[in-house]
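Inspection log for the structure reproduced underneath, given as structure tokens.
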């Protein structure tokens, strides 16, 4: 085999003075970067061994005279830091390979690396997680307001501060009637809806893409926090049934694990049209990941590839979407909201309007920073638009058409902190979904290698020795803490804004200002520039 | 720069007095009460709403208009004649007041709706026609502004301290059974008479103290239902919310109050099943209409008034009762400046309303 | 003794006269026909008794440090704002935000008080503020309380009427609140805890009750006809675990 042009991007540096040779890192690395030196030699010897017994003797002598130690094959390292985080002696560091390419603003190192890789393999570049390119962030160019004098800020620690939110259709108005006893009571029957104690939910991540233990952590945290998780398109494992009331069950183009019980069990049924990381692209769970658990949950044979087609082959047009929406409503007796998830693309406002008119109760819009278990890199990094503008234009379009109440909007795709949450809500989101942030809470270091199935953190893998690293109870605690911390921060933000309820921020774009945005961008976002008063 | 081009935060004083038997009395009392709270306004806005003042034309809509040029008057009058039968019109009598400079012209028209205009509405009622006419005048006719458009009532307002505005409009010469007043403390100089308060739509008038922090979404919510908010004031928002919820959607008044100053979830969660479902629905559906932040408001209409306080009572509102009179004010002293020996005095609690209506005689709280 | 008719007198003129008289050594000033005049006693440090007939305006006795004020009627909002020393006795009800940030002195109210009363009351060295409410109190009573003594007697309550409204002592991290009668758990903020009174409490409370009864001609036996409870914070740093750093 010809020598690769690809130098390692990062170097695993083991401090031999600190290392006590416990071997934890060797067992820990899902990508087999770290090895015992003796084993490594043995393997390398093996490649030259044919008929050369004397080499074996040489090897035997070295092993006998040299104490074993740990070596690293940096070319395999995905920079997930599992070894760094777990080395009891702090002996491991991962540093960027200082190999200096000739400075070039156009031909960056990663372009060259990808070309070498494709030249050597002829493959489509595969990646995981979300778009990591230096696109302009609208979140980072919007700032929130606060009260001074003319209206008071509110103290969120002492005074009531409400984050309770709802997903589902709302009527434009309510009707009341008088009972024979003269009491006023509600006459309107409300459409199905779901109550959230905080406007943050966990988005679709399938069992298959992530481990069952991680799904369990999401389920427990969703229940503890009064919010929702999403099965993704991999069905619902029976261990999650107790949490089904806090789960969105997804129906994607592969229809894995979808049966009447699945639909009825969930709190919301969601049709997945697209996701922000790969708009217009299907999915492919390789057969190696389809073990007995995944097989059972997805209802496919063990070892069979699980292929999600790019489109739903029963939806080639908007009226077909309406047909599927009502098929799901029929199957769930019209007592559950139906969500439609789309990626944020250029014409997202018109598409969302069509989805609302097609009968969806919730529209989930996933921006181009949204994560994925596996996607072609070119799609992930070059297709779709930022969630901020998508959300702003959808909310405004639905309002102009007078149909904003027909649907709730869930925004996702690159939400990093509660400030992003508050800004998304001010732009008009009913709730946001946080995928990457939630995985980071569980240890994910955004190494973008989810598709390898070797996730050392036990998140994006089905290898039992790795998935065992995710304790669902501990995971649920971490996720619950994260939601509590963000919710507290949202309350701080609301208090500063002089509001004590999240619905008074929702869509209140007067409380946002743009910094360094063009007139046209400000108009699209529906906000004023910083410095302009009310 | 004038009202509507920017949003001007204001602090304020409000007061109201009503005779529940409908006996009419002149403007002296309300003037005395709002004058008592002189410190709460800064001379940049004052106004009054008076009910029962036009018994001669009680069945006609009394249109109060403000004109800043003859052109405005000619355009507005031609619009009025196109849509209404004008039974009587006149300029609103005023007197010169030293502190008041450069006032606009004020006219009033007592009108009925032309039958053919109503036909064109295809089933909508007269009220809708009046609302649309008001919006047309205020949005489309330059130099003209519809100050009020209800039956047997009128709004008198302008730039100045409320007591000076009262003398300017000779309010001591009018007799009504219900009066509300507003003294304004805007944070900069609007200098436009139309922007003063009360703000009215049909016979609904609103006086308001405080600045709501949810204005942004309240406005967008109303816009979804076709309202054009030209003044950028909370008062305008409150008036339109009452119009939308009560007139158009027929939500009972006490529940409109609950939608605008909703109970907290912790309290809703403790309610009995049916009530809980109702309040949950109110918050789900009318969440964007909720007024969040400090306010006390008095909404007046033909036949009654209601005082409402925000959810955590960030602005004051006192009520008093003496014989057939019910009084409200930002300060107890404002009430006592009218009647010293009240039978009863109380403060409106957070998120609750004091509804006072004609004839039925009593005061319903809550 | 100085007697002033305040009818129609602007507060600035009125307060100028009051302050001048006190500076000249006047020990008792009676104000008749008061209605809405603000800032009476505000910022005053003289040892003078001011009797008020009528309803004084907002910020009565703000920053006050010495005088004694008796109000024969109701008081409006903002009484005893950041008060340091002296006594305020109100014969009727008082409005919202009474005793905000009060650091010393005493306030006695015969009737009800409004919202946010006694909030952020604090004590420092020998300054221990005391606020006694004869009737009931509105929401957020004793919010952020950091020191001093709050007493609510709840006299003349209707059956079922709570002694205070919701969010009682929310954020309390110092001081003590005595309530005559039970407290509904759901009205209580997260920070205070409910205790029974011990001998020390009674020794502290008895003279306070006597003083209240003396001002308002009430029988101490009637006040003590039902047991009190005591609210104290469980921590001086209730938010110690709120932050991450």
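The values are calculated or read from the model by the stated rules, or taken from the named source; none is laboratory data. Since the structure is predicted, the reported quantities are computational estimates derived from the model, not experimental observations. Neighbour counts are summed over all protein chains in view; Cβ atoms, including those assigned to glycine, are modelled from backbone coordinates with ideal geometry.
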Leading residue by the ranking (farthest from the other protein chains (Cβ to nearest Cβ)) among those in the range A:127-165 that are surrounded by 15 or more Cβ atoms within 10 Å (Cβ to Cβ) and not in a loop (DSSP other than H, G, I, E, B):
A:127
Could you tell me which numbered condition residue B:300 fails, if it satisfies all but one of (1) within 11 Å of chain A (Cβ to nearest Cβ); (2) surrounded by 22 or more Cβ atoms within 10 Å (Cβ to Cβ)?
(1)
Of all residues making up the range A:302-313, the number that are more than 20 Å from residue A:204 (Cα to Cα) and either at pLDDT 90 or above or assigned to a strand (DSSP E or B) (or both)
1
Suppose we filter the range B:335-344 for residues that are more than 7 Å from every other protein chain (Cβ to nearest Cβ) and either part of a strand (DSSP E or B) or under 26 Å from residue B:184 (Cβ atoms) (or both); how many remain?
4
In the range B:21-59, how many are closer than 19 Å to residue B:157 by Cα, assigned to a loop (DSSP other than H, G, I, E, B) and in contact with a strand residue (DSSP E or B) (Cβ under 8 Å, 6 or more places away or on another chain)?
9
Go through (1) crowded, with 20+ Cβ neighbours inside 10 Å; (2) free of Cβ contacts under 8 Å to residues at least 12 places away in the same chain and name the single condition residue A:317 misses.
(1)
Among (1) away from chain A (no Cβ under 14 Å); (2) within 22 Å of residue C:59 (Cα to Cα), where does residue C:138 come up short?
(1)
Checking the structure you have, find out if any residue of the range B:226-240 is away from chain A (no Cβ under 13 Å), surrounded by fewer than 20 Cβ atoms within 10 Å (Cβ to Cβ) and part of a loop (DSSP other than H, G, I, E, B).
yes
Of (1) closer than 19 Å to residue A:391 by Cα; (2) touching a strand residue (DSSP E or B) at 6+ places or on another chain (Cβ under 8 Å), residue A:349 fails just (2)
Can you give me the number of residues within the range C:44-61 that are more than 18 Å from residue B:37 (Cβ to Cβ) and either away from chain B (no Cβ under 14 Å) or not in a strand (DSSP E or B) (or both)?
9
Restricting attention to the range B:250-259, which residues are out of contact with any helix residue (DSSP H, G or I) (no Cβ under 9 Å at 6 or more places or on another chain) and facing another protein chain (nearest Cβ under 9 Å)?
B:250, B:254
Counting residues that are in contact with a strand residue (DSSP E or B) (Cβ under 7 Å, 6 or more places away or on another chain) and within 28 Å of residue B:330 (Cα to Cα), which helices (runs of 4 or more DSSP H) fully inside the range B:105-215 reach at least 3?
B:162-168
Checked the range C:29-69 for anything within 20 Å of residue B:341 (Cα to Cα) and in contact (Cβ under 8 Å) with a residue 40 or more places away in the chain; matches are C:36, C:54, C:57
Failed criterion for residue B:287 (all others in (1) part of a helix (DSSP H, G or I); (2) at the interface with chain A (Cβ under 7 Å from one of its Cβ atoms); (3) closer than 21 Å to residue A:178 by Cα hold):
(3)
Based on what the data block shows, is residue B:312 more than 26 Å from residue A:425 (Cβ to Cβ), within 14 Å of chain C (Cβ to nearest Cβ) and assigned to a loop (DSSP other than H, G, I, E, B)?
no
Out of all the residues in the range B:260-283, which are loosely packed, with under 14 Cβ neighbours inside 10 Å, within 9 Å of chain A (Cβ to nearest Cβ) and in contact with a helix residue (DSSP H, G or I) (Cβ under 9 Å, 6 or more places away or on another chain)?
B:266
Of B:351, B:293, B:307, the only residue that is touching a residue at least 24 places away in the same chain (Cβ under 8 Å) and surrounded by fewer than 22 Cβ atoms within 10 Å (Cβ to Cβ) is B:351
Could you please let me know if residue C:81 is at the interface with chain B (Cβ under 10 Å from one of its Cβ atoms) and crowded, with 19+ Cβ neighbours inside 10 Å?
no
Helices (runs of 4 or more DSSP H) lying entirely in the range A:422-534 (those with 1 or more residues that are within 13 Å of another protein chain (Cβ to nearest Cβ) and crowded, with 22+ Cβ neighbours inside 10 Å)
A:472-496
In the range A:176-196, how many residues are within 9 Å of chain B (Cβ to nearest Cβ), under 21 Å from residue B:265 (Cα atoms) and surrounded by fewer than 19 Cβ atoms within 10 Å (Cβ to Cβ)?
6
